[in-house]
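The values are calculated or read from the model by the stated rules, or taken from the named source; none is laboratory data. Predicted model only: the values in this text are computed from it and were never measured. Neighbour counts run over all protein chains shown; Cβ positions are idealised from the backbone, glycine included.
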Amino acid sequence: MDENQMGKPPRELYDQREQSYVKHLFLTRYLQAGAFKIFQGKSSVFNYVDAFAGPWRVQDDDALSDSSFFQVLNILDEVRNVLKKRGHTEITLRIRLCEQNSSRVKLLREFAARRSQYDIQIFEGRFEDNLEAIAASCSGGFTFTFIDPTGWNLESSNIFSYLRKVDGEFLFNFMSDEINRHAGWDGVAASFGRFLACPKERWREQFSAADPCLSNEEKILHILKQRMREEKVAEFLPHMTIQHPRKDRVRMRLILGTHSPVAVNLFRDTQKRVLEEQIKLRHKIATKESGQPHLFSSTELAQWEMQNIGAKNNITRETAKRKLLTLLTEMPGIRYKRLAPKILEDIDLTRPELNKLVMQWRDEGLITFKIPPRKRVPQDDTIINLAC
């Protein structure tokens, strides 16, 4: 099977929880592309850790095919089979599932028993209480940790220690909708302090000093990313927004934690593909629930909306330009290999889109650099400076 033809999550099983469909689609698409790169260059061992495995609100009670771990296992196994046919050496997959609820742990154990040909281990209890055992079971290889809590009541300081210990990346589901409603309430100040691994007085001070134009969840998101950087769990922390499928508000944000510039490019590429699926899904829901047929298909409507996203969006372009100027002021003579991921971390652009913008800004006399003959975009070793 070609990697571009691998299956999507079963859409029909996500009625009334379409945001989870988008989340799982992003997770599997990112891991699919990332696993190909990792297996072919970095490691022959891939550890997948689902920190809050559930399963949560699944409709397929028998096979659990609408759970994150089912889809991840299938996509990684497909990647492994494709590479095996191409002559690659044996690839090891390890699946580590952690869950606190005893009835759900029973489902996980039954799932593992049905798939005894795989290396699946179940950890019962809080993720924070199983960190040492999970890390030990992942020794060697590349570890991808999916942290998808139902809220924010986490002991993040312990989780940060775990993330520093394992070699890999993580995807963190930031529950924007719930955080937005509760962040200003004094009754949750202590739990937000644990979530941010930050004393109550300090995060409250940062929260109050944040840009008043930002929502509560945007302020907490900024503080969380800042704490992750301070704790050195990742060098880059791009995120993707997932909208509420039926309302005009943010439901969640997926944060990637990585030390790899290549992973930032991959994240933005995956985001763009999944974003079109999300827009298409929202149009399908609106048409179905209104009972009124639309003149254009959901695919056509999504394609039109995508024309105003990324480099085609004036606000995005201007934000990227300001970020570029700030970085070049702080780090003159920086190589493009280091500059590009620092821009893409915060701006919803793909690397090809950024390449075109950088060439445009050079033509406008904003920046200067030289590229080799017959090259049309800056290379990794291209040195970028502000124009005098």
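Screening residue 262 with (1) more than 13 Å from the chain's Cα centre (by Cα); (2) at pLDDT 95 or above gives one miss only, at (2).
Is there any pair linking a residue in segment 344-360 that is more than 19 Å from residue 256 (Cβ to Cβ) to one that is surrounded by fewer than 20 Cβ atoms within 10 Å (Cβ to Cβ), with Cβ under 7 Å and at least six apart or on different chains, and which? Pairs that qualify, where the first residue is more than 19 Å from residue 256 (Cβ to Cβ) and the partner is surrounded by fewer than 20 Cβ atoms within 10 Å (Cβ to Cβ), are 355/377; 356/311; 357/311; 357/317; 359/377. Contact map, segment 185-212: first residue under 15 Å from residue 154 (Cβ atoms) and modelled with pLDDT of 90 or more, second residue of a type in the set (A, V, I, L, M, F, W, C) and outside any helix (DSSP H, G or I), Cβ cut-off under 7 Å, separation 6 or more or different chains; pairs are 194/154; 195/152; 195/154.
Yes/no per residue for (1) within 21 Å of the chain's Cα centre (by Cα); (2) surrounded by fewer than 23 Cβ atoms within 10 Å (Cβ to Cβ); (3) over 21 Å from residue 258 (Cβ atoms); (4) assigned by TED's automatic domain parsing to the domain that holds residue 167:
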position	(1), (2), (3), (4)
34	yes, no, no, yes
46	yes, no, no, yes
50	yes, no, no, yes
57	no, yes, yes, yes
62	no, yes, yes, yes
67	yes, no, yes, yes
79	yes, no, no, yes
94	yes, yes, no, yes
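Would you mind stating whether residue 127 is closer than 18 Å to residue 232 by Cβ and either in contact (Cβ under 8 Å) with a residue 40 or more places away in the chain or within 22 Å of the chain's Cα centre (by Cα) (or both)? Quick ask: steps written out before the conclusion?
Working: closer than 18 Å to residue 232 by Cβ: no; either in contact (Cβ under 8 Å) with a residue 40 or more places away in the chain or within 22 Å of the chain's Cα centre (by Cα) (or both): yes.
Criteria not met by residue 127.
Condition check: more than 24 Å from residue 91 (Cβ to Cβ), of a type in the set (Lys, Arg) and within 24 Å of the chain's Cα centre (by Cα). Does residue 109 satisfy that? In short, no.
Which strands (runs of 3 or more DSSP E) does segment 162-270 wholly contain that include 2 or more residues that are in contact with a Gly (Cβ under 7 Å, 6 or more places away or on another chain) and of a type outside the set (Val, Ile, Thr)?
Per the criteria, 168-174.
Taking each residue of segment 323-340 that is part of a strand (DSSP E or B) and looking for partners that are modelled with pLDDT of 95 or more and among the charged types (D, E, K, R) with beta-carbon atoms closer than 9 Å, six or more apart or interchain, yields 334/342; 335/380; 335/381. Scanning segment 341-377 for residues that are of a type in the set (Val, Ile, Thr) and either assigned to a helix (DSSP H, G or I) or within 20 Å of residue 310 (Cα to Cα) (or both) returns 343, 347, 350, 358, 377. If you check 300, 276 for being in the same structural domain as residue 24 (by TED's automatic domain parsing) and surrounded by fewer than 17 Cβ atoms within 10 Å (Cβ to Cβ), only one passes: 276.
Within segment 315-330, is even one residue more than 21 Å from residue 272 (Cβ to Cβ) and touching a Lys or Arg at 6+ places or on another chain (Cβ under 8 Å)? Steps first, please.
Looking only at segment 315-330, we keep the residues that are more than 21 Å from residue 272 (Cβ to Cβ), and these are 322, 325-330.
Okay, now just the ones that are also touching a Lys or Arg at 6+ places or on another chain (Cβ under 8 Å), so 327.
For segment 315-330, residues more than 21 Å from residue 272 (Cβ to Cβ) and touching a Lys or Arg at 6+ places or on another chain (Cβ under 8 Å): present.
Checked against (1) more than 25 Å from residue 235 (Cα to Cα); (2) within 15 Å of the chain's Cα centre (by Cα); (3) assigned to a helix (DSSP H, G or I), residue 279 passes all but a single condition, namely (2).
Residue by residue, here is whether (1) under 15 Å from the mean Cα position of the chain (by Cα); (2) of a type in the set (Phe, Trp, Tyr); (3) over 28 Å from residue 162 (Cβ atoms); (4) not assigned by TED's automatic domain parsing to the domain that holds residue 155 holds:
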residue	(1), (2), (3), (4)
222	no, no, no, no
228	yes, no, no, no
242	yes, no, no, no
247	no, no, yes, no
252	yes, no, no, no
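Output yes when any residue across segment 325-348 is surrounded by fewer than 13 Cβ atoms within 10 Å (Cβ to Cβ) and among the basic types (Lys, Arg), and no when none is. No, because not a single residue in segment 325-348 is surrounded by fewer than 13 Cβ atoms within 10 Å (Cβ to Cβ) and among the basic types (Lys, Arg).
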